[in-house]
Amino acid sequence: MKFKILVIVLNIVLITFFLSIFILPFLLDNIDIKSFFSRYWFFAPLFLALCIGVNVVYVRNKGIITHAEDGDWVALCHSLESEVFDKQHTRFKNLKLLADVQLLLSDFSGLSRLETFVRSHCHEAIPKLATRFAGGKLLSGQYQELHSFTSNLVKSGKKDDFWLLFYVPFSLQMLKEYTKASDGFSDLLSYGRERIGYLISAMSGYFYYEVLKNKASVSAEKLVEQGKQFRESIKKTYSLSAWNAYCAKQKEEMYILVFKKVIDDTSAWLFS
């Protein structure tokens, strides 16, 4: 349903509810109207403020909402860039949505501009947007910059974002530093899938047990056995259809969708 229609319906509901409350005393007997209004007068400014607030939010964001509903991502990107760069409205929701749209459009120069802007105007948002900036560096082939960006954030204490932790060995793998990448994926697996999530765990296992199996520090026989046990443990939790549904849900986030091929390859390996 169009957001405009929702706003209209909400206005009608608010106005109807407001009128019902204040007309009701005139329709009922045995009600002291003066006493009623002295006790419930505060409902009037409350309803008025709520109604004004809803409409102000809609009017201020009308362009962005319209472009999003129409699926006009280029126009949406332009509107958000105007909000962020020209008007310098640095609310996180604007920054996040702009980064997602830029990723969707493969606008890597725009993402770079946004990163520079955020560092200058609201640097505290960098860790929250890091996976989106990292996704842009990955898709644009800036693997060395990707490694420097993610590893520096991890070293600075950003160790609770496991997608960032995944990016560190993944970027090393893309830089063909395979032994270091293998060690990094092994370290990530040591956190346990309950902590880092099944998808990150599965992708790390795919690289460690399959893609980089010749670079592991354990014997080939032991690695094969560990890999088999790893796959079976995940399949005890997820059937193929349940796993596909889980991955589809994860890929609704743009910063995860950038790993679509890796996720598909991981799924094929798990259930082969």
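Between residue 88 and residue 16, the simple spin-label model (points 7 angstrom out along Cα→Cβ) gives 4.5 nm. The candidate values are (1) 194; (2) 178; (3) 138; the one derived from this structure for volume of the Cα convex hull per residue in Å³ carries the label (1). With helices as the sole contributors, the chain gives -23500 deg cm²/dmol at 222 nm; each DSSP H run of n ≥ 4 counts as -39500 (n - 2.57), and the sum is divided by every residue. Pairs over the 22 Å Cα-Cα cut-off, from the set 96/260; 215/251; 93/128; 96/249; 87/159; 128/155: 215/251; 87/159. Seen against the Cα atoms of the chain and their longest principal axis, helix 3-27 is set at about 40 degrees. With 10 Å bins beginning at zero, the pair-distance distribution over Cα atoms of the range 84-223 amounts to 12, 38, 31, 14, 4, 1, 0 %.
Report the per residue volume, in Å³, of the convex hull enclosing the C-alpha atoms of the range 59-102.
Roughly 62 Å³ of hull volume per residue.
Legend: Rg and Dmax of the range 160-237, from Cα coordinates, 11.8, 34 Å.
The angle separating the long axis of helix 143-155 from the principal Cα axis of greatest extent in the chain is about 70 degrees.
Let me have the relative contact order for the chain, percent, based on Cα pairs under 8 Å that are six or more residues apart.
With pairs under 8 Å counted, the relative contact order is 11 percent.
Of the solvent-accessible surface of the chain, computed with a 1.4 Å probe and all protein chains present, 58% belongs to carbon and sulfur. Taken per residue, the accessible surface of the chain reaches 56 Å², heavy atoms only and a 1.4 Å probe. Please enumerate, by chain and number, the aspartates and glutamates with C-alpha under 14 Å from the C-alpha of residue 62, excluding those fewer than 8 residues away in the same chain. By straight Cα distance, residue 62 reaches 70, 72, 83.
Partner aspartates and glutamates whose Cα lies under 13 Å from the Cα of residue 158, excluding those fewer than 8 positions away in the same chain, are identified as 124. What the Cα atoms of the range 203-264 give is an Rg and a Dmax of 13.5, 38 Å. For the chain, find the longest principal axis of its Cα atoms and tell me its angle to the long axis of helix 126-139, 0 to 90°, nearest 10. Orientation of helix 126-139: about 50 degrees from the principal axis.
The values are calculated or read from the model by the stated rules, or taken from the named source; none is laboratory data. All values derive from a computational prediction rather than experimental measurement. In this analysis, Cβ positions are derived from the backbone assuming ideal geometry, glycine residues included, and neighbour counts consider all displayed protein chains. Accessible surface is based on the protein model in full, side chains and every heavy atom, while ligands, DNA and RNA are left aside. Shrake-Rupley method; radii C 1.70, N 1.55, O 1.52, S 1.80 Å.
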